Amino acid sequence: MKTSYQAQNDYYNAASLMDICIGNTNASQNTQQRNSHRVFHRRDSLFLAGDHFEGIYILRSGSAKSFITSREGEEHITRFYYPEDMLGVDGFDGHKHSQTVCFLETSSVCLIKESRLNNLINTNTVFRNGLLQSMSHTLACDSSMMMCLSTCSSEQKITRFLLDLSIGFAERGLSGSEFMLSMTRTDIANYLGMAIETVSRIFASLQQRNIIAVKLRYLCILDFEELNCSVAIDICSQPISVGHILKK
């Protein structure tokens, strides 16, 4: 089986992404859609909290994170994103983004502008139903994660996080057992509401027990059964991607 690193070029160039961003349009529309494709580098921001909502972005390659900032200036990561995920859905409320999205590595996105988005919602039943399904699925995952954050032990939070990533990569046709962690340990600690020292200690413990193997940012799950035994809350996979929606 290909690892996520080995398969990324095949996956990132999947036809489904082009169907979403360009679709079956005429030459003029194709040119307009190509102009909406943008490349970002690590730590670049896609939009900031408070920015005007322009439409939904589709992550074509790379990875990103979203976060909110408290009045005291503290950042809290709310989600990680991978290819074919939608970004910017929060902007529907009040036509302003409530979160900031920045990239974890060199990434590319395409923008489905609000006018085209409204047209798809009004004329494309598959897209409309898929969009609602994706939003509903995201809410369910958020509820499950909130329950885990409030009731799970530190090790359960880490194992839940790793299994979520594994399921997400597997759903994308990549290896669910070997993948790269594009986020830092600090990001993981922030997302799970833990101290970075605790995250490092649990990773070391999982390695010592031969449950996972880590080399730099590459992680291999060696014992899925043992990893699953550590999780008390049912696993909810990553948000349903638009690409998978339109393939149905």
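Considering only region 70-97, how many residues are of a type in the set (A, V, I, L, M, F, W, C) and out of contact with any Phe, Trp or Tyr (no Cβ under 9 Å at 6 or more places or on another chain)?
1
Name the single residue that is farthest from Gly62 (Cα to Cα) among those in region 179-194 being of a type in the set (S, T, N, Q) and surrounded by fewer than 17 Cβ atoms within 10 Å (Cβ to Cβ).
So the residue we want is Thr186.
With region 36-110 as the region, which strands (runs of 3 or more DSSP E) entirely inside it contain at least 3 residues that are at pLDDT below 95 and of a type outside the set (A, V, I, L, M)?
So the answer is 55-61, 75-81.
If you check Leu174 against the conditions, is it out of contact with any Pro (no Cβ under 8 Å at 6 or more places or on another chain), surrounded by 18 or more Cβ atoms within 10 Å (Cβ to Cβ) and closer than 22 Å to Cys229 by Cα?
So Leu174 does not fit the description; no.
Would you say Ser177 is on the phi < 0 side of the Ramachandran plot and either more than 22 Å from the chain's Cα centre (by Cα) or among the charged types (D, E, K, R) (or both)?
no
The values are calculated or read from the model by the stated rules, or taken from the named source; none is laboratory data. Note that the coordinates shown come from a computational prediction; the quantities given were computed from them, not determined experimentally. Note: ideal-geometry Cβ built from the backbone for every residue, glycine included; neighbour counts use all protein chains shown.
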